[in-house]
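A short reminder: the numbers here are calculations on the coordinates, not readings from a lab. All figures in this text were calculated on a predicted structure; none of them were measured in a lab. Cβ sites come from the backbone with ideal geometry, for glycine too, and all protein chains shown count toward neighbours.
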Amino acid sequence: MPRYMLIMRGTDESNAAMMASIDESMAATGRFIEAMMKADVLLAAEGLDDPARGAVVDFGGETPLVTDGPYGETRELFGGYFLVDVASQQEAVEWAKRMPAAPGSKIEVRRVAESDEVPPGSESSGRV
């Protein structure tokens, strides 16, 4: 079955709304994870730390430039993901629609490319 990544993208405002009711948000997320586990579709789930604790490696110049977070001019931040093993993109979308997310958040649904889809001669090995 194909694998899909449900990518959680939030804004400063949606992240603040989630943090304002963190106990409720965590409980709802726990129920969502339990439902995915019961359906045997969840492969992995991870949330990311505060972007202010991150770094950016920018390859726009001659040599990579490293800057510390927070990231300027960013309206949406990648906050974490769920990796699911489902029959179709539509099924992945249905799971994404059930995700407990703060108003203003977005869930991006992307199929994970399989190793046989990597162009010949590419250094990428696809699935590990």
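Quick notes
- Residue of 100, 64, 51 that the Gaussian network model of the chain assigns the largest fluctuation, springs spanning Cα pairs under 10 Å: 64
- Segment residue 49-residue 63, length gained on full extension (0.36 nm per residue, minus Cα span): 2.4 nm
- Only Lys, Arg (+1) and Asp, Glu (-1) charged, at Cβ; the chain dipole about Cα centre in debye: 440 debye
- For the chain, the direction-averaged projected area of the alpha-carbon convex hull comes to 9.9 nm².
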